[in-house]
1. Do you know which of the residues in the stretch 419-454 that are aliphatic (A, V, I, L, M) and surrounded by fewer than 22 Cβ atoms within 10 Å (Cβ to Cβ) is nearest to THR372 (Cα to Cα)?
2. Kindly indicate whether ALA159 is farther than 17 Å from PHE239 by Cβ and modelled with pLDDT under 95.
3. If you check GLY218 against the conditions, is it without any contact (Cβ under 8 Å) to a residue 40 or more places away in the chain, on the phi > 0 side of the Ramachandran plot and open to solvent by 20 Å² or more (accessible area, probe 1.4 Å)?
4. Out of curiosity, is ALA237 of a type in the set (A, V, I, L, M, F, W, C) and open to solvent by 70 Å² or more (accessible area, probe 1.4 Å)?
5. Considering only residues that are outside any loop (DSSP other than H, G, I, E, B) and of a type in the set (D, E, K, R), look in the stretch 147-181 and name the one that is farthest from ARG127 (Cα to Cα).
6. For the stretch 111-127, which residues satisfy the criterion of being surrounded by 24 or more Cβ atoms within 10 Å (Cβ to Cβ), of a type outside the set (Gly, Ala, Ser) and outside any loop (DSSP other than H, G, I, E, B)?
7. Does VAL90 satisfy the criteria of being open to solvent by less than 10 Å² (accessible area, probe 1.4 Å), touching a helix residue (DSSP H, G or I) at 6+ places or on another chain (Cβ under 7 Å) and within 25 Å of LEU37 (Cα to Cα)?
8. Which is in contact with a helix residue (DSSP H, G or I) (Cβ under 8 Å, 6 or more places away or on another chain), without any contact (Cβ under 8 Å) to a residue 60 or more places away in the chain and of a type in the set (D, E, K, R), of LYS255, LYS259?
Amino acid sequence: MSSLSSLQINKPSDWLGRTPLMLASEVGADRRIIDILIDAGGQVGAKDRWGETALHLAVICDEPHPVEILLSRGSEVNPRNEDGRTPLHVACSRGYLHIVDILLGHNGIDANVVDNNGDTPLHEAVRERKYKVVCAMLKQDSVNLEIVNKEYRTPLLEAVSNGHLGIIQRLIARGANVNALNHGGNNCLHLALATKEFNSEVEHMTMLDQFCEELKLGNEERYSGVVVASYLAHHGANFYCKNKSGRTPLDLIEKENLKKTLKTLFRPTQCVFCEDEVATETFFPCKHLSLCKKCCPQKIPKQCLKCGQNITNKISLEGPKSSKPEVQMLAEPPVNRTFEDKEMQTLAEPVVRPKVEDKASQTEAQPLDILTLEVKHLHRVSKKLAGKWQQLGRELDITQDDLEIIKIDHSYSVMEQGFQMLLKWFRGCDPAKRTPQTLKEALDETECYTAAECLLSDFS
């Protein structure tokens, strides 16, 4: 192939500055044609006047083969156009699930690239209500749920603003922060109450019926903003958070009887130390420590004084002091606070797990209740649960609502559903109870004996 023909093959063929390879990718041409153009010297990374590559255009045509062949022939997987959008942004916004799966499976994919508006591909999928694409994105451990765009909206705040309950469920199940704040200092409850009605692809949610009954609302208001706000508050969102205008979500409710009921259902969190003041700071991930301004130490405790779990960050419950969400990560080694009140000193004592006297519950080396349970053990146990994972989940005190969230994802196999349930328990339970002994007792109670034997074999 001569130098002239190589130059010719990369010469723009229209006013948009697109080469023959770009045009072939855009229309989903036969893979042989794309191969011939690349072999002739076609540059897979060339950009048109809008900064789009052949891979951007291949995604738009929603045909898998041009995407696959371009990636296999050296195309960058994260090229950005003039708007800062990658091919994954395009696929997510259009809801092309198969293309999203191909891109996510390619080495080097960055699922958290932000475009010029600060949006990640997940923001795009949420905003366009592409439920299946959102589910696919959330299966990626690398996906960051707390990136804020130029409006200071996380994907969860976008989901609430767009009135999509199914996506809200998925984000909460994945661990999204329900107290994130947008540019105006509004949390998800402010936004939910401003949304007239929510939609969802998910199965019937009994929790919505429960809140309808408690709020004395009819079934026609099942998907109303106030019912969804109650659902969000159940998962930890703060009804007493003041936005930049000084208004709480409760201030947005005009009906006094409804407001009174919500105040009864969701009382403000009291400081666990003085028990007189409303808490302004909550420490994560266990959330056992909720303190008022007076009792909150200048340095964050290294561990929860109640359960002994390592503290990762704290979140303000009273609204923003600036335009950014008030999330403080640990910046320096914290120290434990000392207390003069002797009644509170017991909280600061190390957590001691009780010894098991029953020799039947011991392995040859150590009792099960002092051994460390790891995610790899959950994975092996989940293979033996078969269809009993929901029964086991209830035994482990997983709420029916959380079980339904796992059940609605039809892309999960039964084994994967069991694993997700166990992972939910593992991440959310008291660390003192997160032991092989606790899990074995639950397995025995639900007659999952094969799974129990599998668990014991890991520690024998």
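1. Of the residues in the stretch 419-454, the ones aliphatic (A, V, I, L, M) are 421-423, 432, 439, 442-443, 451-452.
Subset that is surrounded by fewer than 22 Cβ atoms within 10 Å (Cβ to Cβ): 423, 432, 442, 452.
Values: LEU423: 15, ALA432: 11, ALA442: 17, ALA452: 16 Å.
Residue satisfying both the conditions and the ranking: ALA432.
2. no
3. On the way: without any contact (Cβ under 8 Å) to a residue 40 or more places away in the chain: yes; on the phi > 0 side of the Ramachandran plot: no; open to solvent by 20 Å² or more (accessible area, probe 1.4 Å): yes.
For GLY218, the condition - without any contact (Cβ under 8 Å) to a residue 40 or more places away in the chain, on the phi > 0 side of the Ramachandran plot and open to solvent by 20 Å² or more (accessible area, probe 1.4 Å) - is not met.
4. Details: of a type in the set (A, V, I, L, M, F, W, C): yes; open to solvent by 70 Å² or more (accessible area, probe 1.4 Å): no.
No: the conditions fail for ALA237.
5. To start, the set of residues in the stretch 147-181 that are outside any loop (DSSP other than H, G, I, E, B) comprises 155-161, 164-173.
If we keep only those that are of a type in the set (D, E, K, R) too, we end up with 158, 170.
Working: GLU158: 6, ARG170: 14 Å.
Out of the qualifying residues, it is ARG170.
6. PRO121, LEU122, HIS123, GLU124, VAL126
7. Values: open to solvent by less than 10 Å² (accessible area, probe 1.4 Å): yes; touching a helix residue (DSSP H, G or I) at 6+ places or on another chain (Cβ under 7 Å): yes; within 25 Å of LEU37 (Cα to Cα): yes.
Yes: the conditions hold for VAL90.
8. Working: LYS255 fails: in contact with a helix residue (DSSP H, G or I) (Cβ under 8 Å, 6 or more places away or on another chain).
Going through LYS255, LYS259 in turn, the sole match is LYS259.
The values are calculated or read from the model by the stated rules, or taken from the named source; none is laboratory data. If you're wondering where the values come from, they're calculated on a predicted model, not measured in any experiment. We place every Cβ from the backbone using ideal geometry, glycine too, and count neighbours over all the protein chains shown. Ligands, DNA and RNA are excluded from the accessible area calculation, which covers all protein heavy atoms including side chains. Shrake-Rupley method; radii C 1.70, N 1.55, O 1.52, S 1.80 Å.
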